[in-house]
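Report on the structure given below.
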Amino acid sequence: MRKSLTQRIGLGTLGVVVAVLFVFPTYWMITSSLKTPGQVLSPDYDLIPLSVTFDNFVSALTKPGFATYLTNSLIVTIGAVLCSLFAGVLAAVPLSRMRFRGRKGFLLLVLVAQLAPFEALLIPMYLLMRDAGLLNQLPSLLLVYFAATLPFTCWMLYGFVNGIPYDLEEAAMIDGCSRAGAFRRVTLPLLAPGLVTTSVFSFITAWNEFLFAFVFMRDQNKQTLPVWLSSFRTAFSVDWGGIMAASVIYAVPALVFFIIVQRKLVSNLTAGAVKG
């Protein structure tokens, strides 16, 4: 009994330490965004601000181009997520339900594509986009993000489709549904938690991407929010308060998206729990 209590105390303490390590950088970012430049750079840094100011947020929101950068980020990110989900479902269902030559090799290629560092493709993709005349255009950036998120989406959805018994589809087809109708009425609703989970990771991947947006989009009207964040640093100074405030603003859309899909995920997972 005493050993069990000691283990629980030790695990609880370890959990608190890990939680603090993860939460503290976010707390530091938020508190720094509410301080003046002098307070941010002061050697006597107050973990709990005695006075707050919202000048950093006003400065970030009124910075030229913020609305354009936000719109561009939303367009390319949401577009890439929707395209990768659509293509991922079309790839995952045949890979899971059908047996054909080269299936295992294709799955291996998908896994290898996910493991390869995406930055290694910067130069060849730049040359490809340049030759195709797609540089400095939002559709080209959307295409890049689509390519970046598709392998992960295929692999994750393949696992989710495998977890859905094929007997359910066969029962629906016995009752008169076509194969497409069985997928739409049976498999797709059960696949909803997988779609939501995959969309979260795809959204974060596309939303946080900086390098390709910085290299491909040379026109400021075509750049995204990660590039906008770098504008708070110049050759002569760094606006730390502005960067922290901009980082808080930058995290809000991703947080809102996660809250929306999290509620949908929980409702899908518990939808059939009370039946029978």
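The values are calculated or read from the model by the stated rules, or taken from the named source; none is laboratory data. Just so you know, these numbers come straight off a predicted model, no measurement behind them. Glycine gets a Cβ as well: all are built from the backbone with ideal geometry, and neighbour counts include every protein chain shown. To get the accessible areas, we keep the full protein, side chains included, count just its heavy atoms, and leave off ligands, DNA and RNA. Shrake-Rupley method; radii C 1.70, N 1.55, O 1.52, S 1.80 Å.
For segment 203-251, the set of residues classified as over 16 Å from the mean Cα position of the chain (by Cα) and of a type in the set (Asp, Glu) consists of Asp219, Asp239, listed by residue number.
Looking only at residues of segment 229-245 that are open to solvent by less than 40 Å² (accessible area, probe 1.4 Å) and of a type in the set (Gly, Ala, Ser), we find that the one that is nearest to Pro64 (Cα to Cα) is Gly242.
Quick grid of which residues meet (1) free of Cβ contacts under 8 Å to residues at least 12 places away in the same chain; (2) within 19 Å of Ala147 (Cα to Cα); (3) assigned to a loop (DSSP other than H, G, I, E, B):
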residue	(1), (2), (3)
Cys177	yes, no, yes
Val200	no, yes, no
Phe212	no, yes, no
Arg218	no, no, yes
Val252	yes, no, no
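Sort through Met125, Met129 and tell me the only one that's in contact with a Leu (Cβ under 7 Å, 6 or more places away or on another chain), of a type in the set (A, V, I, L, M) and either in the same structural domain as Ala213 (by the TED database) or under 30 Å from Gln220 (Cβ atoms) (or both).
Unique residue meeting the criteria: Met129.
Is it fair to say Ala147 is assigned by the TED database to the domain that holds Val252 and free of Cβ contacts under 8 Å to residues at least 60 places away in the same chain? Spelling it out, Ala147 is indeed assigned by the TED database to the domain that holds Val252 and free of Cβ contacts under 8 Å to residues at least 60 places away in the same chain. Residues of segment 193-222 being open to solvent by 20 Å² or more (accessible area, probe 1.4 Å) and over 30 Å from Val161 (Cβ atoms), which ones? The answer is Phe210, Leu211, Phe214, Val215, Arg218, Asp219, Gln220, Asn221, Lys222.
Counting only helices (runs of 4 or more DSSP H) that sit completely within segment 34-103, those holding 3 or more residues that are among the hydroxyl-bearing types (Ser, Thr, Tyr) correspond to 66-97. For the residues Pro49, Pro43, the requirement of being surrounded by fewer than 18 Cβ atoms within 10 Å (Cβ to Cβ) and touching a Lys or Arg at 6+ places or on another chain (Cβ under 7 Å) singles out Pro49. Filtering Leu108, Leu85 for residues that are surrounded by 18 or more Cβ atoms within 10 Å (Cβ to Cβ) and not basic (Lys, Arg) leaves a single hit, Leu85. Of the residues making up segment 10-32, those that are of a type outside the set (Val, Ile, Thr), within 29 Å of Ile243 (Cβ to Cβ) and open to solvent by less than 80 Å² (accessible area, probe 1.4 Å) are Ala19, Pro25, Met29, Ser32.
Scanning segment 52-64 for residues that are open to solvent by less than 80 Å² (accessible area, probe 1.4 Å) and more than 30 Å from Gln220 (Cβ to Cβ) yields a count of 0.
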